[in-house]
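Rule-based calculations on the coordinates, nothing more; no lab input. Since the structure is predicted, the reported quantities are computational estimates derived from the model, not experimental observations. Please note: Cβ atoms are built from the backbone with ideal geometry, for glycine as well, and neighbour counts cover all protein chains shown.
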Amino acid sequence: MFSKKTEMIVGVFMIVGITALVYLSFSLGKIDLGGSGYIKVTAAFDSITGLRKGATIEIAGVQVGKVTNIGLEDDMAVVELSIDKGVPITDDSIASVRTNGVIGEKYVKITPGGSEDYVEDGGMLMDTESSISIEELISKYIFEKE
């Protein structure tokens, strides 16, 4: 019913369409297949209450990366941070778990230090500030009043 030429044109059109769809999915989803644009840095916290994989990392309010993994090691929450290669992170920087607004999402804030040495790929941030739990603060306030 259809000629071979028509079938070839439809086949090529389908391949081009699927390729464009895959490309758009990756680019709009900001998925980095090679991971080449980021360095991996870890930080250990006493508590990361509410922090999720995929949370943003900010320096001075500018997004510079995202949380790629969260694990538990020796009763500490170990967070893997993927940070843009173009952003220098000094080895004395402080990583803090913060909240956007009163009940907003948790994110990691990095406060740069004054060192001249930088964290390398696979390195670790030693200075951290854990998440502040609103529930714990409220319960301390309530039970101290009695």
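For the reader, a short list of remarks on this structure follows.
- Computed from the C-beta positions of Ser139 and Asn69, the FRET efficiency with R₀ = 30 Å rounds to 0.50.
- The range 72-146: chymotrypsin sites (Phe, Trp or Tyr not before Pro) in DSSP loop, at most 10 other beta carbons within 10 Å: none
- Charge dipole (Cα centre; +1 on Lys/Arg Cβ, -1 on Asp/Glu Cβ; no other charges) of the range 43-146 amounts to roughly 620 debye.
- Highest-first arrangement of 37-48, 90-101, where packing means the average Cβ count within 10 Å: 37-48, 90-101
- Using equal-weight Cα scatterers in the Debye expression, the normalised intensity of the range 38-133 in log10 at q = 0.13, 0.14 Å⁻¹ is -0.37, -0.43.
- Linear extension gain, Ser25 paired with Val87, 0.36 nm per residue minus alpha-carbon span: 19.7 nm
- With neighbour counts taken as other beta-carbon atoms within 10 Å, the residues Lys109, Lys5, Lys66 rank, fewest first, as Lys5, Lys109, Lys66.
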